[in-house]
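The values are calculated or read from the model by the stated rules, or taken from the named source; none is laboratory data. Only a predicted model underlies this, so the values are computations on that prediction, with no experimental measurement involved. In this analysis, Cβ positions are derived from the backbone assuming ideal geometry, glycine residues included, and neighbour counts consider all displayed protein chains.
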Amino acid sequence: MYDYGISSDALKEEIFLTETTQTTPKETFYITTPIYYPSGKLHIGNSYTTIACDVMARYKRLMDFDVFYLTGTDEHGLKIEQKANELGISPQAYVDGMAADMKKLWGTLDISYDKFIRTTDDYHEKAIADMFERLIEQDDIYLGEYDGWYSVSDEEYFTESQLAEVYRDENGVMIGGKAPSGHEVERVKEESYFFRMGKYADRLLAYYESHPDFIQPESRKNEMINNFIKPGLEDLSLSRTTFTWGIPVKSNPKHVVYVWFDALANYITALGYGSDDSTNFDKFWPANVHMVGKEIVRFHTIYWPIMLMALGLPLPKQVFGHGWLLMKDGKMSKSKGNVVYPEILVERYGLDALRYYLMRAVPFGSDGIFTPEDFVNRVNYDLANDLGNLLNRTIAMINKYQGGLIQTPETQTEFDDSLEAVIQTAITNYHHAMDKMEFNVALSEVWTIISRSNKYIDETTPWILAKDEEKSGELASVMYHLAESLRMTAVLLQPFMRTTSQAILTQLGLSATEINLASATFGMIYTAPVVTKGEPIFPRLDAEDEVAYIQEQMQGNTPVVQDTGFDPAKTTLKSDKKAIKFDDFEKLEIKVAEVIHVEKVEGSDKLLKFELDAGDDGHRQILSGIAKFYPNPESLIGLKLQIVANLKPRKMMGLLSQGMILSAESEGKLTLLTVAPEVANGSLVG
């Protein structure tokens, strides 16, 4: 049993005195979002990264770190110039408006950034121009000619092998294609500056080896090595001459700096690198973590480290490539009518409901799927039922049985030690998960406390204890333990749900001042009464009505389908097999699985052994007899395949095979059936 010796007044004093009594400099923590490209209104998928970084920044501050949290906008490039021309305004006027809208959204989402950088800021543009000249002088950058494929939407160059789809004419000559994002590419031929990437390839691989946590999750590192570095790093085109909205190269102003070189360097220019005041750069660099979407991991783990090596600067400690927040039918898109904007959810359900959902429902690092049903159910079951009811019942019982006062217990029930042990274990696990940025796991630990506390009420039956005067000591202990469970819940929720945390503390009669997480322990002495009547912090939603409301908001841009007069009944269907009923088809479970690793099976000319992420609790293994069709199997890493997931596992050459990979074969050529990169691992096909 804990020593109940921390008074609320003493705790308050400790909080305010923490900084004034600090004798040694705090440990620093520098975290960044990618800087966002202001080409359209941001949806909840874009907000996901920013909220995740905010959670981490708040956590580290509450753990007594000196935190610098950076976000901002990437404002140069051809796409911006084209958007502005379409609207009949200057590029600067366009990005000014978009940056203002973004800052307004981050205010709505309570984002606690320390700096918002814009790549059109004067200090940034000057630093980029100087860096470019320095690298020319070092011969890391040279002038040549680029002839290849470019995606305007992605602001990215592609080789033919990197494209998701290639278009050819009747003579087999390539005439176009699609990038992995689905955007069209166009042929570009122009004079360009190039960065000598290959010069640093071995050094970069050595850094990967000596810093195993540099790229997280681990699967992202394998993809970078096998798909980009081992095949040979091509020199990177670093300038354009066909548009003007960018930072001019000082020694050759007809060139503007490639947008990715410009954008990546924001992480150091924001701290003052290249300026007259490098105080923040000296203090906070290298960054503790760059948090990015998985689609831009390559830029942050290959191009950016090489740029820093060329500049003679330390590399960031970690790049975390999280998955995507998707809809059932793939990425959010206005044309699909499936976009959800964060302002809509915040206005109707409150900010904390959105922040909780995004951090709890999506395993960080993996893809997650948003559905209106799941969102509403999370609010009702997790927030209204579990947390809300625990708070309401506790406040009501303290008022009814103890006149609103939380008494320090002088005795205990047989269930107290068990509850205290669960809380202590959950706190330890919470910190471990937060340090690994496993936000869904950290929240799960908080809900372990909530669930155990609700069970504790049923075990101790306070309504029965209240009828027996001799049990008043046990009743006081029950009320105290429930109050402490809620207080610790509020403390742990601070990085995620600030309003909710403060509301819980207020109802417990405590100051809503932020509490230092590093010193938070079970065992407070309460001196003030709880509120007389607590208000529900999360009212229960009418599930049917709210699901319909969210769906209605998503349908705003659903395209209208025109009647073409097509009559499918006139088509003669062809099949080599007997027709089956839908019930037979439903027995199959076909899922999307990402190739994490693949290699030839020793002793077999036919079999390849695949390690796959199919949304299971861990990776699964499938053996497939397709080796002759794929002589370089490592090229398959990162592809999203279709598998029969519920095929009974069997052994082949002594190795377990847990399903079947689907493929198509025609005229002696076999092709694996793939899906678009944005489809979440584990998604059902059918």
| remark: Residues of segment 53-83 being farther than 21 Å from residue 358 by Cβ and without any contact (Cβ under 8 Å) to a residue 40 or more places away in the chain, in sequence order, are 65
| Among the numbered criteria (1) in contact with a Leu (Cβ under 9 Å, 6 or more places away or on another chain); (2) of a type outside the set (A, V, I, L, M); (3) not in a strand (DSSP E or B), which single criterion is violated by residue 255? | (3)
| note | Selection from segment 265-282 of residues part of a helix (DSSP H, G or I) and surrounded by fewer than 21 Cβ atoms within 10 Å (Cβ to Cβ) yields 279, 280, 281, 282
| request: Name every residue in segment 243-255 that is surrounded by fewer than 23 Cβ atoms within 10 Å (Cβ to Cβ) and more than 13 Å from residue 155 (Cα to Cα), in order of residue number. | output: 244, 248, 249, 250, 251, 252, 253, 254, 255
| field | Pairs, first among the aliphatic types (A, V, I, L, M) in segment 231-248, second part of a loop (DSSP other than H, G, I, E, B), C-beta under 6 Å, six or more apart | value | 238/258
| message | Being over 19 Å from residue 402 (Cα atoms), out of contact with any Cys (no Cβ under 7 Å at 6 or more places or on another chain), in contact (Cβ under 8 Å) with a residue 60 or more places away in the chain and of a type in the set (A, V, I, L, M) is true for just one of 466, 503, 543. Which residue is that? | response | 543
| Those residues of segment 150-202 which are part of a strand (DSSP E or B) and closer than 16 Å to residue 228 by Cβ, in sequence order | 156, 157, 158, 195
| task | Would you please name the residue that is surrounded by the fewest Cβ atoms within 10 Å (Cβ to Cβ), looking only at residues in segment 632-686 that are touching a Ser or Thr at 6+ places or on another chain (Cβ under 7 Å) and in a loop (DSSP other than H, G, I, E, B)? | result | 649
| field | Scan of segment 145-162 for residues that are small (Gly, Ala, Ser), farther than 19 Å from residue 638 by Cα and loosely packed, with under 11 Cβ neighbours inside 10 Å, ordered by number | value | none
| remark: The helices (runs of 4 or more DSSP H) lying entirely within segment 404-482 that contain at least 3 residues which are over 42 Å from the mean Cα position of the chain (by Cα) are 462-465
| request: Of the conditions (1) surrounded by fewer than 15 Cβ atoms within 10 Å (Cβ to Cβ); (2) within 32 Å of the chain's Cα centre (by Cα); (3) at pLDDT 95 or above; (4) among the hydroxyl-bearing types (Ser, Thr, Tyr), residue 142 clears all except one; give me its number. | output: (2)
